[in-house]
Structures are given as C-alpha cells and as structure tokens.
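Note sheet for the following structure.
What follows draws every value from the coordinates through simple rules; no lab data is involved. Note that this is a predicted model, so its numbers are computed, not measured. Heads up, the Cβs are rebuilt from the backbone with ideal geometry, glycines too, and the neighbour counts pull from every protein chain shown.
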Amino acid sequence: MTEPSAVFEDEHRELLDSFGAFVRRELEPLAAELGEAGHPSYDLCSYVRQRSAQLGFYAGDYPESLGGSGMPFSAVVALNHVAGRTGCRLAPYALAGSEGPSPLLLGGTDAQVKRYLEPLVRGQRTRCLALTEPDAGSDAFRLTTTARRIDGGWVISGRKTFVSNAARADLVLVVAAVDTPAGHRRPAVFVLEQGQPGMRLGQRYEGMSGEVLHELVLDAAEVPDDALLGDPTEPDALGASIGSLSRGRLMVAAQCNGIAEYALSLAVEYARHRRAFGRPIGDYQHVQEHLVTSRAELEASKVLTLACARLVDAGVEPPENAALAKLTASTMAVRVVDRALQVHGATGWVRGHPLEFLYRQVRTMTIIEGTTEIQKVIIAGAMGLG
C-alpha cells in the first residue's frame, strides 16, 4: 500500500530502518514474555532505555556532547511514529518520554546540565515532572505549590498529582510559584533528588493500561540554592515549559499516528481473510467504509505532524502547531482503533488481543500532554477567539 506521507520519512530512511530492525531483533522477543498485562518492569524499561541510548536512538535530538546523536527533531518525531506502528509494547520505552531528559534542563547552568542532563540523555537515570496540582490541571500555572526564599536555599510546600514515574525517578522537576526580586510571582523549576527530606509519595493511581502514577507531597522541603534551575534572579518556567510541552505533544501525535497505522494494518489483514456468507468481509461496503475512512484520516494526520516537526527544525514552533497536531492525531487514533476493533468483532475485544490493549492505551492519548479540550483552547486563542 503506497502512502503519500512516506515522502516525509525518506530523509531519515536509514535511521528509521535501523530502529525498526532493533525493535524486531531485540525488543519483540522481550515483549513476547510480558504476558497479558503488557506492562514492563522497571528493570526491563531501564535495560531498553540504556540499550537504545547505546545505539543512538534514545534522546537522539540532544547534542552529542551530552550523549545524544544531534539528530533533527523531525527525526525524533519519525522515530516515535515507527515505535507506534511496530505494535511492540516495549518500543516506546526505547525513546525518551516523560521519564527522559527534559528540554527544561537545557536552561540550567553548565553545572546543572552536566550533573542532571547528561545521565538522563544516556538513559542512566530517570526523572519525572511534578506540574499538575489537584486544582490546576490543564490550567497548570495557577499554582498553589510555592517556594519561599531562606538563607542559602528554598522551602517548597504543596501537592502535585498524577505524576508519572514518581516512585522510580532519580530526579523530580518541581514547578512552584516564587516571588522574584522584581516583585513578580511566577513559576520556577526546582530539581530535587529522590529521597529529598520533606518530599514523599501520596496516593497511588493505576491507569487503564497499567500505568502507575502518584500524588507527590512537599511538606516544607528545604533545598539549596542550586536546586533552582537556571537564572536565580528571573526564573522563567512558563516560557520554557511551553516549548517543552509543545515538543512533547508532537511526539505524542507521532506515536498516535503509528498506533493508528498498526491498528489499521491489523484490520485490513483481518478483513481480507475473515469470511462471512461465503465472501471476505472486506468485500462488504460497510467494512470498506471503516477502513477507507481510517486511512484518509491517518494520512492527513501524518502529513500535519511531520510538517510541524520540520517547522521546529526550521526554528518555527508556535504552540498552536503542536496543539493542532496533537488534537488531530489523538482523536484520529481513537477513531481508527475503535473501527479496527469493530471490524474484528469479538476477536479484537477478547483480552490478550493487540487491539484490546490498544483500545485502552490510545484513550489516554487524548488526555496526556494536555487534554483535547485544552488543545482547542490553545488553537482558539491563536485564532483570536476567547
């Protein structure tokens, strides 16, 4: 099946083929041992992460001086697409996600970059981002978590919720409101080590597809001056976080496109061979409607996502671009997986079938990195509405 959007991948063809071969050769045999739940252990994730870093795939857009490969961001987006379309449950762990290096850390001092960012790029350590609060989700900067200045450091108090990787992360990036010397209140990022006194795990949550998240409680946690990321006189987590979230949204969009492509391939193959009333079900117009509509929506989403990634490489990355791509890809993927399951009928619904897992997994994509609704708010704002 020829795909119009394939031209966007040609410039990274060798890289993408190498990554696909790595997934087939090393990750698929390991994924086959996961069993029905499909949620890998921390040790397995750590192995996949470090092995991928050795091969140059993990955090590939970071500079070579930090342990990355210096590849363009469009290549990272294309890699995320390939990870989704392989159907291998370990493939996404081979690429830096919410546990890996954060663009926020690029704004740190030279000492902070060396201490915190280099081990993350190499996959030797992991981190989490403590941003969302009980009363500040998509409106993430209406912060109640505060950092108060004391001699030689800061005291951080507040509660964060739905923090991915909180129990295992070596580093915790905490976004808190601070009063600047200029008299303004604005968000700042603090880097806390796991085991920090005054910081503890609260309520545990388990997602639909097995992801574990936690509440994080900061009870007058005292940290030194150098825990504040970047310029201590004018912290600017807001601007840095917008850029970080935008790139994360494009990677989520690419994963959604890959997942949808995998689901569609399963549905097409099933429709060709499953017979009803003496004919393959793919001969019937209602089944064709599911598959053709899915392909049209998928191709449009792929072109949009890859075009936005190329704009990032060109230095053009307004937040509405990433919001458009993430909104389009995540909602499209939900529809495509739903149609693919419908084509399979009870076969796809049964626990253990790839589509049953994807049906639960893809639903989270309309929530993470900003809900569908917040993407629409961003896009409407760029259109001069609201």
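Summary table
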| read-out | value |
| --- | --- |
| Separation in nanometres of the label points that stand 7 Å from Cα toward Cβ, at residue 200 and residue 377 | 3.2 nm |
| Under 14 Å from the Cα of residue 114 - aspartates and glutamates, other chains or at least 8 residues apart | 64, 226 |
| Hydrodynamic radius of segment 76-227 per Kirkwood, over alpha carbon pairs, in Å | 16.5 Å |
| Value of Rg to Rh for segment 74-126 (Rh from inverse mean 1/r over Cα pairs, i.e. Kirkwood) | 1.07 |
| Approximate spin-label separation residue 6-residue 303, in nm, with each point projected 7 Å along Cα-to-Cβ | 1.6 nm |
| The chain: most fluctuating residue of 361, 50, 285 per GNM, C-alpha cutoff 10 Å | 285 |
| Principal axis box of segment 273-316, alpha-carbon based, largest edge first, Å | 56, 16, 7 |
| Whole-Å semi-axes of the ellipsoid equivalent to segment 253-386 (Cα gyration tensor, √5λ, descending) | 32, 15, 12 |
| Dipole magnitude of segment 241-386 about its Cα centre (Cβ charges: Lys, Arg +1; Asp, Glu -1), debye to nearest 20 | 380 debye |
| More than 15 Å apart - percent of Cα-Cα pairs taken over segment 21-80 | 56 percent |
| Listed residues 110, 151, 170, most fluctuating in the chain (Gaussian network, C-alpha, under 10 Å) | 151 |
| Size of charge dipole - the chain - debye, nearest 20, with Cβ of Lys, Arg +1 and Asp, Glu -1, no other charges | 920 debye |
| Top of 130, 346, 75 by mean-square fluctuation, Gaussian network on the chain, Cα under 10 Å | 346 |
| FRET efficiency for residue 142 and residue 310, using Cβ-Cβ distance with R0 set to 41 Å, rounded to 0.05 | 0.75 |
| Stokes-Einstein translational diffusion, the chain - Kirkwood Rh over all Cα pairs, 0.890 mPa s, 25 °C, in µm²/s | 112 µm²/s |
| Using alpha carbons only: equivalent-ellipsoid semi-axes of segment 27-131, gyration tensor based, whole Å | 25, 15, 12 |
| Positive-end residue of 83, 296, 72, charge dipole of the chain with Cβ unit charges | 296 |
| DSSP-defined antiparallel bridges as percent of all bridges, the chain, nearest 5 | 85 percent |
| For segment 310-363: span of alpha carbons on each principal axis (Å, largest first) | 47, 16, 15 |
| Eligible lysines near residue 376 by straight Cα distance, threshold 24 Å, same-chain separation 8 or greater | 302, 326 |
| Estimated FRET transfer efficiency (residue 347, residue 385; beta-carbon r; R0 35 Å; 0.05) | 0.20 |
| Label-to-label distance, nm, for residues given as residue 274 and residue 185 (7 Å Cα→Cβ offset) | 5.6 nm |
| Mean shadow area of segment 167-315, taken as a quarter of the surface of its Cα convex hull (nm²) | 13.8 nm² |
